[in-house]
Each structure stands twice: as structure tokens, then as C-alpha cells.
1. Need pairs with beta-carbon distance below 6 Å; first residue on the phi > 0 side of the Ramachandran plot and within the stretch 384-410, second in a loop (DSSP other than H, G, I, E, B) and of a type in the set (G, A, S); sequence gap 6+ or separate chains.
2. Taking only pairs six or more apart or across chains, which ones have beta-carbon atoms under 7 Å, a first residue in the stretch 323-346 that is more than 21 Å from Y158 (Cβ to Cβ), and a second residue that is β-branched (V, I, T)?
3. Which condition from (1) over 24 Å from the mean Cα position of the chain (by Cα); (2) closer than 26 Å to E299 by Cα; (3) among the charged types (D, E, K, R) is the one that E82 breaks?
4. Could you please let me know if G189 is open to solvent by less than 50 Å² (accessible area, probe 1.4 Å) and either under 30 Å from A97 (Cα atoms) or part of a loop (DSSP other than H, G, I, E, B) (or both)?
5. Six or more apart or on different chains, Cβ atoms under 8 Å: show the pairs whose first residue is in the stretch 235-246 and touching a residue at least 12 places away in the same chain (Cβ under 8 Å) and part of a helix (DSSP H, G or I) and whose second is open to solvent by 30 Å² or more (accessible area, probe 1.4 Å) and β-branched (V, I, T).
6. Can you tell me which residues in the stretch 265-309 are farther than 27 Å from D84 by Cβ, buried (at least 21 other Cβ atoms within 10 Å of the Cβ) and hydrophobic (A, V, I, L, M, F, W, C)?
7. How about the stretch 431-457: which of its residues are assigned to a helix (DSSP H, G or I), open to solvent by 10 Å² or more (accessible area, probe 1.4 Å) and within 11 Å of G363 (Cα to Cα)?
8. Only residues in the stretch 195-207 that are assigned to a loop (DSSP other than H, G, I, E, B) count as the first member; pair them with residues that are open to solvent by 70 Å² or more (accessible area, probe 1.4 Å), Cβ under 6 angstrom, at least 6 apart or cross-chain, and list the lot.
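The values are calculated or read from the model by the stated rules, or taken from the named source; none is laboratory data. Owing to the predicted nature of the structure, the values given are computational and were not obtained by experimental measurement. All Cβ positions, even for glycine, are placed from backbone atoms using ideal geometry, and neighbour counts span all protein chains on display. What goes into the accessible areas is simple: the full protein's heavy atoms, side chains included, and nothing from ligands, DNA or RNA. Shrake-Rupley method; radii C 1.70, N 1.55, O 1.52, S 1.80 Å.
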Amino acid sequence: MAIEGALFFLLFLLGPVISPSFAEESFDVRRHLSTVSRYSAARVAINDGFEASKIPDECRVVHLNLVARHGTRAPTKKRIKELDQLAIRLDSLVSDARHEAQGSDASLQRIPGWLWGWKSPWKGRLKGGELIAKGEDELYDLGIRVRDRFPELFNAEYHPDLYSMRATQVPRASASAVAFGMGLFSGRGSLGPGKHRAFSVISESRASDICLRFFDSCQTYKEFRKSQEPAVDKLKEPVLDEVTSALAARFKLNFTRQDIASLWFLCKQEASLLDVTNQACGLFSPYEVSLLEWTDDLEGFILKGYGKAVNYRMGVPLLQDVVQSIEQAIIANEENHIPGTFEKARLRFAHAETVVPFSCLLGLFLHGSGFEQIQREEPLELPPKPPSERTWRGSIVAPFAGNNMLVLYNCPHNSTGNYQNKYYVQVLHNENPIPLPGCGNTDFCPYDVFKERVVNPHMKHDFNSVCNVPLDAKTPQPERPSQPPFNSSKLIKFFRWLLTGKSETHPPSDKVDL
């Protein structure tokens with residue numbers, strides 16, 4: 001870590017010297033908001049000249065897996081309070097500036113007009129974190145596009161066993177599932193002028209959902225995150241200090257590091273939720289935005305992505321669920337089951353903490369030897385500081401409504417060209433074909449190769465072995481004694497219930513999910 005720290009400090013020193021002159025007129029801040037970016041700003045092809053495979057006409061779609069993040073949401077209750085405090089702080093800053101000016105208007109003219117008397121757009125809100133109208137549109141439109149792209153999958157009469165829809169118990173995730181379903185099945189029912197139809201969305205308890213909320217049940221991950229958050233904050237401090245100094249000099253206001261952090265958060269909320277880019281975002285130059293975006297991406301990489309194997313190994317139950325659905329579809333196809341009697345799509349709606357680890361399990365956004373490194377569980381280099389190019393960008397990896405789709409194709413043995421296998425998997429990220437390092441950097445991979453190279457290396461782990469091991473464990477833990485004829489802890493809980501009528505419950509999590 002000492003070497004990494006020294007390299008980081010060197011990059012920080014060199015950053016201002018080699019910073020590029022961004023073209024102001026071509027810079028759209030809405031594409032640089034890390035994981036707060038809206039789907040419309042992030043849904044672009046990002047494969048640097050990668051050419052998608054031309055799928056033979058003889059190949060037909062058999063099954064679809066979708067893992068999607070919820071759509072654009074309102075700030076959480078905690079963040080709403082932070083913005084209320086920011087309003088008080090900004091009022092104090094401009095009042096101090098007026099007092100220090102002592103009648104001179106020259107320095108006051110540097111202060112942007114919107115800062116005078118600014119109030120948070122969410123002032124007075126007691127609740128937060130819900131899916132907003134823009135988020136509903138994102139998932140509704142996605143549902144329509146998915147149906148139009150794969151008409152052969154969605155031409156059957158709806159049945160919950162045919163089209164399985166699952167979401168976490170967090171309302172913005174389940175609301176996203178509903179919005180997607182309304183688009184997917186629009187015009188297929190008899191409800192109202194839009195001819196909508198009812199459909200089922202299944203959610204598992206937040207306390208036991210290790211398929212879509214594994215991050216909330218993995219003790220090893222919680223310990224890792226808690227131990228690393230202070231170090232991540234330290235990594236971000238030099239950039240915050242650099243931007244703080246720049247803005248203080250530019251506007252003659254005594255900004256602190258915390259002021260800049262809150263203003264950057266306000267910028268992201270205004271630009272993403274309100275399409276306002278000339279207030280908080282207008283305080284920062286394009287290069288300063290790129291630096292702040294990088295600090296967010298750095299945090300996501302370390303605490304959710306490739307920074308530590310536990311970040312994605314805990315998502316193995318989700319990968320197992322995907323593989324199970326694929327293989328069930330293959331069996332049904334091989335046994336010539338009657339169409340409409342087996343699952344055609346498994347559709348899941350969750351959080352950035354779900355989508356990011358799943359992308360890592362697939363090996364997405366890796367170049368060079370990165371795929372071999374994660375299979376050996378070796379650490380990867382951190383995303384380089386701007387102006388250096390980087391593959392890991394939160395706005396692409398997990399924007400609002402960001403998603404991965406695994407499409408299963410059945411190709412006849414006599415297909416032309418190089419497609420001689422029978423079943424293939426194509427991976428789409430945010431609806432764009434994306435190369436799989438484990439499959440020779442193609443997006444269209446023989447299922448046997450996909451399973452052997454991408455899936456199986458992860459299968460030597462399971463949720464319990466990943467999540468119930470002390471973070472600092474150096475050696476294998478001794479085997480536990482065999483289970484006694486009865487579970488004493490359960491017996492104690494039974495007598496407690498018998499005497500008091502009360503049972504133990506899981507305390508609600510205070511974690512804020514993205």
C-alpha cells in the first residue's frame with residue numbers, strides 16, 4: 001500500500017501540469033456523473049471500435065436473463081438533510097463575502113447569482129429515495145425496447161412461470177420492475193385505454209435475499225467496506241483540496257472541503273434529476289468535473305468492483321441463478337417441450353451494489369491480463385487519474401437503469417461460418433454487445449466455453465465460504481464439529497417464544513443502497 005500511495009501522490013502532483021483543455025462547448029456534464037448518471041446519457045456504445053458479432057440468421061433466441069438497476073431516484077432522506085445544511089452554509093458564505101467586501105462590488109460580482117438565497121429543491125421533504133418519473137420512463141422504455149428486440153421471446157400469453165420478474169424489497173427496485181413490466185406487456189392486456197395487464201413481481205425478505213441483496217447479508221463484505229471507507233476518503237482528499245482551492249480563488253468564497261463535496265453532490269442531483277447544469281455544475285470546470293467523477297469511480301471500484309475479490313465473489317448465488325435458468329432452458333429446448341410451458345425470461349431489478357459485482361463476475365471492463373488476474377484473485381491497478389483514459393467509469397458500469405442481459409441462442413449444427421456449436425450466450429451491457437475477456441473478447445460465446453472459462457472458476461466459492469470468513473483470516477479455518485441431534489439455539493428461541501410470545505427479528509439495515 002505504501003507504493004500505491006506514493007504512486008497516487010505522484011499522479012496527483014502531475015495532474016494539474018498535464019490536465020487537458022476540455023472543449024467547453026462539447027462537454028456535457030450529464031455524462032460525467034458516475035453512478036448518478038441517467039440512462040439516456042450513459043446508453044452509448046463504449047467498446048472503442050469493438051465490432052459486435054454477426055449472429056447467423058439460423059440462430060434463434062431461446063432465453064433471456066436480465067439484471068438491472070432501478071431507475072433514476074430522488075435523493076435519500078439523509079442526503080436531503082445534507083442539502084438543507086448546504087443552503088444554510090451557502091447563505092453564511094455569501095453573507096461573509098458581503099461583509100468582507102465593505103461596499104465594494106468588484107469581488108461580489110464573482111459570486112454566481114443563484115447562490116444568493118438558494119434553497120434546496122427538496123426542502124421540506126421528509127421522505128426520499130423513491131423512483132421518480134424520469135426513472136419510471138427509463139424502465140418503461142427499456143421494457144418496450146427489449147420486447148421489440150426479442151419478439152420471439154415475448155409473443156406468448158403471459159404467465160408468471162414464463163416470464164419471471166423479481167425485485168428486492170426496496171420500493172424503488174420493485175417500482176422499477178413494475179415500470180418495466182408495463183412497457184414489456186403494454187397492449188397485451190385489457191386494463192384501461194393502454195390495454196395493460198397485471199403481472200407478478202416477486203420479492204424476497206431483505207434479511208435473506210442473497211440473490212439480489214447479497215451485499216446486505218455478507219458479513220465479510222461489511223467488515224471489508226467498513227475497514228476501507230476511511231482509506232478511500234483519504235484517497236479522495238487531495239482532489240477535493242485541489243478543487244476547493246480553485247473554487248475559493250475563482251469566486252472569493254471561503255469554501256471548505258465539505259462544501260465542495262456537498263456542491264458536487266448537488267451538481268449530480270440537479271443535472272441528473274432536474275436537467276439543471278448551469279448552477280452547482282456551473283461552478284466546476286470540465287477538468288474539475290472529471291476529477292470529481294474519478295473520485296466517485298475510484299470509490300466504486302474499490303468498494304463495489306474489482307478492488308477486492310469479496311466484492312463480487314459474494315454475488316455467486318446470482319450467477320448460479322442465471323446459469324440454472326440457462327440450463328433449464330437448454331433442457332426444455334432439447335426435450336422439445338411445448339412452447340409456453342417453460343420459462344422464456346428471468347428478469348431481475350435491484351441496485352448498483354448488485355449490477356457492479358455481477359459485471360465483475362462476468363469479467364466485463366477488463367483489458368490485457370486483467371481477466372487472468374481476477375481468476376488468480378490478484379489485485380488490479382486502480383483506475384488512472386484524468387487525463388489518462390480509463391475503462392472503469394461509473395456512468396457506464398452502473399448508471400441509473402444500467403443492466404446486463406445474457407441472451408441464449410440455439411444455433412443448428414450446420415450453421416455457416418465459424419458457428420459450429422449448438423448453444424451460444426451473447427452478453428449485452430446497457431443493451432450494447434460487449435466483449436467477454438473469458439471468451440476471447442467476443443460478445444457471442446459458445447455456452448460450453450462461457451461456462452468453463454467465465455462461470456466455473458467462481459463456482460469453487462459459495463456464499464457461506466465467502467461471507468462467513470474473518471476478513472484477516474490467513475489460514476483455513478478448522479472444520480466445525482458435526483451438527484448435534486438438535487439445534488440448541490433454536491431450542492432456546494422456542495422456549496423464549498413459549499414464555500414471552502416474542503421472537504427475534506432482524507434489525508432494519510441503515511445502509512443506503514444506490
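1. A401/G71
2. Going by the 7 Å Cβ cut-off, the qualifying pairs are V323/V455.
3. It is condition (1) that E82 fails.
4. Details: open to solvent by less than 50 Å² (accessible area, probe 1.4 Å): yes; either under 30 Å from A97 (Cα atoms) or part of a loop (DSSP other than H, G, I, E, B) (or both): yes.
Here the answer is yes, as G189 does meet what is asked.
5. From residues that are touching a residue at least 12 places away in the same chain (Cβ under 8 Å) and part of a helix (DSSP H, G or I), the pairs are T244/T256.
6. W294, L298, F301, I302
7. Across the stretch 431-457, the qualifying residues are P437, C439, R453.
8. Every condition considered, the pairs that remain are R197/R188; S203/Q169; R206/Q169; A207/H506.
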